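Chemist: My questions all concern the structure below.
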Amino acid sequence: MRRALCRARWPLLLLTAIAAGPLLVWAGGGVSFDADWRTADRSSAGLAPSPASTPEAVVQVYAARAFNWRGLFGVHTWIATKAPGADAYTVHQVLGWKLWGKETVIDSAQDLPDRNWYDARPWLLKDLRGPAAAALIPRIEAAVARYPYPRQYRIWPGPNSNTFVAWVAREVPALRLSLPATAIGKDWLGADRVLAPTPSGTGYQLSLAGLLGISVAAHEGLEINLLGAVLGVDLRRPALKLPGIGRLGVDPAP
């Protein structure tokens, strides 16, 4: 009887863990529900070096809380590149609303690399400079060009903006990019693929349509995906990974 009760409690405990994170984010006031995209802050966060004073190549990857209620659950990620001697950055990202005009969801354009994401301040996931960055830029651009879902977008479980960045990272393993646990969509591997390298290229993951899976990697640690929400542990830079909240532990900032 006691064993049966314990087994019955496991699903409840898991659902509680998945729901608790977004509720804590909401309680902390980190997400605005009344933001207007037309007036939201889209200025530079001051995290990227100025092209005028930085002749070397730069590759940066950013994340920021998603807009409005979506920010309770996850983040939006994007990649910024600047070739040696270039006077501007190119920002590569997926924007779901571009489908309204029957366009590709891929947006690669000159822009501020470190814009606030509609009031949400971004943070750096990766920052490469010099020859290492210069060597990766053509490979990143080639991966962006062959992204296999240019006319598909689905907030959950994918493909979305995080699916795109994860795809590029897998195609360019030298980038060694670990995406946040809150990058919902990073584990969506496609309709006919269940096994793939993790985005960092330091391990492997098993994923069923981005809804159920597990990954083990040197950089990501152990992650369990339940309905797109990730619970895990990072031993390399000790931290717990929780739905909605993300990391609790050592800051992995570059």
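Chemist: Look at Arg193 and say whether it is without any contact (Cβ under 8 Å) to a residue 24 or more places away in the chain, surrounded by fewer than 24 Cβ atoms within 10 Å (Cβ to Cβ) and of a type in the set (Lys, Arg). Break it down stepwise before answering.
Modeler: On the way: without any contact (Cβ under 8 Å) to a residue 24 or more places away in the chain: yes; surrounded by fewer than 24 Cβ atoms within 10 Å (Cβ to Cβ): yes; of a type in the set (Lys, Arg): yes.
Considered against the rule, which asks whether it is without any contact (Cβ under 8 Å) to a residue 24 or more places away in the chain, surrounded by fewer than 24 Cβ atoms within 10 Å (Cβ to Cβ) and of a type in the set (Lys, Arg), Arg193 comes out as yes.
Chemist: Here's something else I'd like to know. Looking only at residues that are in a strand (DSSP E or B) and closer than 15 Å to Ala145 by Cα in segment 94-112, which one is farthest from the chain's Cα centre (by Cα)? Explain how you work it out, then say what you get.
Modeler: From segment 94-112, those in a strand (DSSP E or B) are 94, 106-110; that's our starting set.
Of the ones still in play, those that are also closer than 15 Å to Ala145 by Cα are 94, 106-109.
Details: Val94: 11, Ile106: 15, Asp107: 16, Ser108: 17, Ala109: 19 Å.
Filtering first and then ranking leaves Ala109.
Chemist: Here is a further query. Are any residues in segment 10-53 small (Gly, Ala, Ser), modelled with pLDDT of 90 or more and exposed (fewer than 15 other Cβ atoms within 10 Å of the Cβ), and if so, which ones?
Modeler: Ser43, Ser44, Gly46, Ser50, Ala52, Ser53
Chemist: Say whether the condition of being under 16 Å from His92 (Cβ atoms), among the hydroxyl-bearing types (Ser, Thr, Tyr) and crowded, with 22+ Cβ neighbours inside 10 Å is met by at least one residue in segment 157-165.
Modeler: yes
Chemist: Restricted to segment 202-244, and to residues that are part of a loop (DSSP other than H, G, I, E, B) and out of contact with any strand residue (DSSP E or B) (no Cβ under 8 Å at 6 or more places or on another chain), which residue is nearest to Ile155 (Cα to Cα)?
Modeler: Filtering segment 202-244 for residues that are part of a loop (DSSP other than H, G, I, E, B) and out of contact with any strand residue (DSSP E or B) (no Cβ under 8 Å at 6 or more places or on another chain), the one nearest to Ile155 (Cα to Cα) comes out as Gly228.
Chemist: Just one of the numbered conditions (1) in a loop (DSSP other than H, G, I, E, B); (2) of a type in the set (Gly, Ala, Ser); (3) surrounded by fewer than 24 Cβ atoms within 10 Å (Cβ to Cβ) is not true of Ser178; which one?
Modeler: Tallying (1) in a loop (DSSP other than H, G, I, E, B); (2) of a type in the set (Gly, Ala, Ser); (3) surrounded by fewer than 24 Cβ atoms within 10 Å (Cβ to Cβ), Ser178 fails exactly one: (3).
Chemist: If you go through segment 131-150 one residue at a time, do you hit one that is assigned to a loop (DSSP other than H, G, I, E, B) and aliphatic (A, V, I, L, M)?
Modeler: Checked segment 131-150: no residue is assigned to a loop (DSSP other than H, G, I, E, B) and aliphatic (A, V, I, L, M).
Chemist: Between a first residue in segment 132-147 that is within 16 Å of Thr104 (Cβ to Cβ) and in contact (Cβ under 8 Å) with a residue 24 or more places away in the chain and a second residue that is in a helix (DSSP H, G or I) and not hydrophobic (A, V, I, L, M, F, W, C), which pairs have beta carbons less than 6 Å apart while being 6 or more apart in sequence or on different chains?
Modeler: From segment 132-147, the pairs are Ala143/Glu171.
Chemist: Going through segment 119-151 one residue at a time, which ones are farther than 25 Å from Pro254 by Cβ and surrounded by 15 or more Cβ atoms within 10 Å (Cβ to Cβ)?
Modeler: Answer for segment 119-151, where residues must be farther than 25 Å from Pro254 by Cβ and surrounded by 15 or more Cβ atoms within 10 Å (Cβ to Cβ): Tyr149, Pro150.
The values are calculated or read from the model by the stated rules, or taken from the named source; none is laboratory data. It should be emphasised that the depicted structure is a prediction, and the values quoted were computed from it without experimental measurement. Virtual Cβ from ideal backbone geometry, glycine too; neighbours counted across all protein chains shown.
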